[in-house]
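Since the structure comes first, as structure tokens, the remarks are kept for the end.
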Number of protein chains: 2
Amino acid sequence: MEKQEFERQLSAVREEIDRIDKQLLPLFLERMNCSEKVAEIKQQAGIPVLNAKREQEILDRVREEAGGYGGSAAALYSAIMAVSRARQHQMLVGGGELRRLEQTADRSMKQSDVRAVCQGVPGAYSHRAALRFFEAPELVFRSTWKEVFETVKSGEADFGVLPVENSAAGSVSAVYDLILRYRFYIVGAVGIKVEHCLAACRGNADIKTVISHPQGLSQCSDYIEQHGLSTVEYSNTAAAAKFVAQERPDGTAAICSEEAAEEYGLIVLKKGIQNAANNKTRFVIISQKPVLPENADKISLCFSLPHITGSLYNVLERFAIHGLNLTKIESRPIPGSNFEYDFYLDFSGNIHTPDTLDLICALHDELPRFSFLGNYREA
Amino acid sequence: MEKQEFERQLSAVREEIDRIDKQLLPLFLERMNCSEKVAEIKQQAGIPVLNAKREQEILDRVREEAGGYGGSAAALYSAIMAVSRARQHQMLVGGGELRRLEQTADRSMKQSDVRAVCQGVPGAYSHRAALRFFEAPELVFRSTWKEVFETVKSGEADFGVLPVENSAAGSVSAVYDLILRYRFYIVGAVGIKVEHCLAACRGNADIKTVISHPQGLSQCSDYIEQHGLSTVEYSNTAAAAKFVAQERPDGTAAICSEEAAEEYGLIVLKKGIQNAANNKTRFVIISQKPVLPENADKISLCFSLPHITGSLYNVLERFAIHGLNLTKIESRPIPGSNFEYDFYLDFSGNIHTPDTLDLICALHDELPRFSFLGNYREA
């Protein structure tokens with residue numbers, strides 16, 4: 001067939017599609033109007049928005065009537081009902097406690113006399129993160145995440161600095177668990193480029209062995225391989241630097257940050273020995289007191305859903321409707337449950353924007369185990 | 001207003017909705033028919049399915065015509081177009097190399113004379129995972145993930161056993177990176193309950209100090225706190241047991257698995273000292289040779305999307321249409337890119353099911369950086 005003939009056929013079908021859309025769209029808008037009426041009646045009667053039984057009946061009917069397109073039609077209707085539920089929630093102006101929080105929380109971070117607590121030892125990457133986020137903080141160091149939370153809870157520190165991604169100290173969910181348990185807020189975040197160096201004691205240049213955290217070793221695996229070095233594991237990159245400085249083992253260097261090398265008086269033999277593809281470690285700043293800065297640009301939420309597929313795509317649709325972009329999503333099975341999941345989401349946005357506040361308040365009312373973790377500036 | 005009056009009003013609106021749906025659904029089905037015609041024409045003409053310009057034009061028009069419902073209408077249409085694109089891809093029977101893989105790969109795992117390589121030391125949880133998955137494997141141990149891959153690549157071992165969740169050794173993405181780099185397959189998975197014990201040398205019952213990996217310590221933080229123990233960090237729980245057995249430090253116990261205690265001849269002073277809420281660590285079995293067992297029930301994929309919100313919910317919709325449940329989702333920014341993400345997904349399913357194979361082949365053709373990581377039995 002000629003190219004022209006294909007194009008003629010294509011535009012004929014497309015005209016048909018446009019004709020269908022001319023009828024389909026007004027029907028959808030009519031349906032949305034009906035949803036608003038339902039919302040008004042439910043509001044007056046004090047009936048909840050979600051009527052799972054009625055939704056299931058509609059889905060079953062649609063699936064049956066659509067025959068071979070059953071799955072597609074059910075997906076379409078599930079989307080339509082999510083949109084109309086969203087509209088109803090928007091009209092109900094829910095999320096009472098969240099609305100109060102948005103009104104009452106501080107709108108700027110404390111900047112002077114900041115006392116912060118880091119997980120790790122001086123020279124660790126969390127140390128660098130704290131210095132990137134705060135101008136001249138008074139710093140203390142704790143060895144476990146829980147101790148960081150306890151130090152903030154006791155009032156000994158205003159803020160805690162904890163790694164949440166690509167970190168040697170554990171996975172993001174453990175930090176989120178603690179934030180939820182302590183009812184703290186994320187009030188800031190900062191990405192730190194992981195740059196490892198080879199550091200040893202003065203006069204110890206012929207290096208045969210390197211010592212570091214297993215992740216430090218694997219992040220420098222190309223360099224280690226090229227130079228035929230043997231490896232020793234240690235609990236922490238900065239602690240490895242401290243060990244090398246104190247014990248002065250023969251022919252041994254630490255793999256650590258430059259700050260750690262400096263902190264423990266080691267000579268930097270070689271900078272930037274990490275593999276090329278390595279990326280950043282992200283740290284969050286946590287606080288007992290809510291702060292919702294005017295210039296915040298990231299929102300962290302946590303909630304649960306019974307089944308990932310259907311329900312998750314309906315929730316994500318809501319973000320899409322508001323033009324908000326997700327920047328992180330992570331699922332995690334709820335311990336002891338069958339196929340129920342907690343989700344950790346970060347998305348771009350500011351809670352002082354009315355539309356965004358409405359969306360989060362609606363989700364707050366709709367979703368089980370919903371927690372607003374914070375709205376902050378990503379540095 | 002009376003309850004009866006509310007119900008009368010509600011059912012009036014619902015009748016209106018049902019009336020609208022009676023017109024809306026046939027239009028949607030007509031539209032799907034048109035999509036099939038488009039698919040046929042495109043197939044004959046060798047034109048790709050996605051026409052981003054035409055889709056954007058439709059979205060813009062719909063958004064404009066829908067006025068105050070612009071966002072909702074655009075979301076609806078974006079869903080409709082995803083469904084119709086899915087249908088077109090299904091008709092095109094794409095995914096050539098994946099279809100070949102599904103035909104040619106082994107359909108059962110090697111069961112006798114299995115040689116497996118674990119990350120860690122004897123007594124580590126990966127050791128237990130290997131014994132749970134294989135009947136009587138010949139085992140070797142390597143200290144880094146990369147060495148595990150190298151051992152499999154060289155043919156020294158048939159399978160590798162690596163932790164991918166809740167693990168001390170790093171995050172799931174590092175294992176996925178290596179699987180992609182080595183072009184290996186996930187051929188099995190097993191969840192191991194983390195059960196820590198307090199283990200010391202004989203005659204060393206008055207314990208003041210515990211030594212373990214930082215995550216082992218934090219997983220037992222309640223016990224440690226209740227008994228006022230001081231803590232020392234070590235690179236690995238099983239290595240901590242080995243250290244205690246060799247150095248016999250006074251008043252010091254290791255926090256490790258029972259297997260590790262046994263392996264290094266320590267006395268178990270107390271079992272099950274982990275905090276209540278602790279869950280499982282998941283291990284995957286990797287192989288250079290593809291295996292797609294008849295009874296496989298989980299599929300792992302990795303792909304990239306330009307924007308999470310819109311595109312992700314369209315992809316998830318496709319899984320929903322096929323009735324497949326996601327069991328894991330994780331996003332990860334692509335290093336060096338702006339707002340582009342890689343996604344790691346696990347979902348229930350068997351690639352030998354024609355519908356499922358069609359879906360994966362369609363995604364294979366549609367999504368950038370798509371990788372099929374494996375279809376295996378979750379033990």
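Looking at the protein assembly as shown, send over the antiparallel percent of its DSSP beta bridges, to the nearest 5.
70
When a/c reaches 1.5 or more, the comparison of a/b and b/c decides; with that in mind, is the protein assembly as shown rounded, prolate or oblate per its Cα gyration tensor?
Numbers: a/c = 2.03, a/b = 1.53, b/c = 1.32.
Because a/c hits 1.5 or more and a/b exceeds b/c, the protein assembly as shown counts as prolate.
Looking at the stretch B:197-270, what % of its DSSP beta bridges pair antiparallel, to the nearest 5?
Expressed as a percentage, antiparallel bridges in the stretch B:197-270 total about 45.
In Å, what Kirkwood hydrodynamic radius results for chain A from the alpha-carbon pair distances?
Every distinct Cα pair counted, the radius reaches 24.4 Å.
Put +1 on the Cβ of every Lys and Arg and -1 on every Asp and Glu Cβ in the stretch A:14-92; which of A:56, A:81, A:39 then has its Cα farthest towards the positive end of the dipole?
It is A:39, whose Cα lies furthest towards the positive end.
What nm distances, shortest first, do you get from the label point of residue A:182 to those in the other copies when the point sits 7 angstrom along Cα to Cβ?
3.8
For residue A:280 and residue A:207, FRET efficiency with R0 = 35 Å and r from the beta-carbon atoms, rounded to 0.05?
0.80
If each DSSP helix of 4+ residues adds -39,500 (n - 2.57) and the sum is divided by the residues in chain B, what number results at 222 nm, nearest 500 deg cm²/dmol?
Computed mean residue ellipticity for chain B: -14500 deg cm²/dmol.
If you count, for every residue in B:63-69, the Cβ atoms of partner chains within 10 Å of its Cβ, what is the mean?
Taking all residues of B:63-69 together, the mean is 3.
Where in chain B are the DSSP H helices whose alpha-carbon span along the long axis reaches 30 Å or more and whose Kyte-Doolittle mean is at least -0.5?
Working: long enough: B:3-45 (61 Å, -0.77); B:70-92 (33 Å, 0.31).
Taking the DSSP H segments of chain B (at least 30 Å long, mean hydropathy at least -0.5), we get B:70-92.
Would you list, by chain and number, the lysines whose Cα falls below 23 Å from the Cα of residue B:271, excluding same-chain residues fewer than 8 positions away?
Output for residue B:271: A:146, B:193, B:208, B:242, B:280.
Answer with one residue from A:251, A:211, A:240: the one whose Cα lies farthest towards the positive end of the charge dipole of the stretch A:202-270, charges on Cβ with Lys, Arg +1 and Asp, Glu -1.
It is A:251.
Counting DSSP beta bridges with both partners in chain B, what percentage is antiparallel, nearest 5?
On the way: 40 of 58 bridges.
Percentage antiparallel, nearest 5: 70.
For the stretch B:3-92, give the magnitude of the charge dipole about the Cα centre (Cβ charges: +1 Lys/Arg, -1 Asp/Glu; no others), in debye to the nearest 20.
On the way: 14 positive and 14 negative charges, 58 e Å.
Charge dipole of the stretch B:3-92: 280 debye, to the nearest 20.
How well do other chains shield peptide B:233-240, expressed as the mean number of their Cβ atoms within 10 Å of each residue Cβ?
Shielding by partners across B:233-240 averages 3.
Quick one: putting +1 on the C-beta of Lys and Arg, -1 on the C-beta of Asp and Glu, what dipole do you get for the stretch B:197-270 around its Cα centre, in Debye to the nearest 20? Please list the in-between numbers first.
Working: 5 positive and 10 negative charges, 32 e Å.
In total the dipole reaches around 160 debye.
Taking the Cα centre of the protein assembly as shown as origin and charging only Cβ (+1 Lys, Arg; -1 Asp, Glu), how large is the dipole, in debye to the nearest 20? Each step should come with its number before you reach the end.
Numbers: 84 positive and 100 negative charges, 89 e Å.
For the protein assembly as shown, the charge dipole is close to 420 debye.
For peptide A:50-61, how many partner chain Cβ atoms fall within 10 Å of a residue's Cβ, on average?
Going residue by residue through A:50-61 and averaging, the value is 1.
With unit charges on the beta carbon (Lys/Arg positive, Asp/Glu negative), name the residue among B:299, B:159, B:17 whose Cα is farthest towards the positive pole of the charge dipole of chain B.
With unit charges placed on the Cβ atoms, the residue in question is B:159.
Laboratory data are not the source of any read-out in this text; all were calculated from the coordinates shown. Just so it is clear, the structure is predicted and the values come from calculations on it, not from any experiment. Every residue, glycine among them, receives a Cβ derived from its backbone with ideal geometry; neighbour counts consider all protein chains shown.
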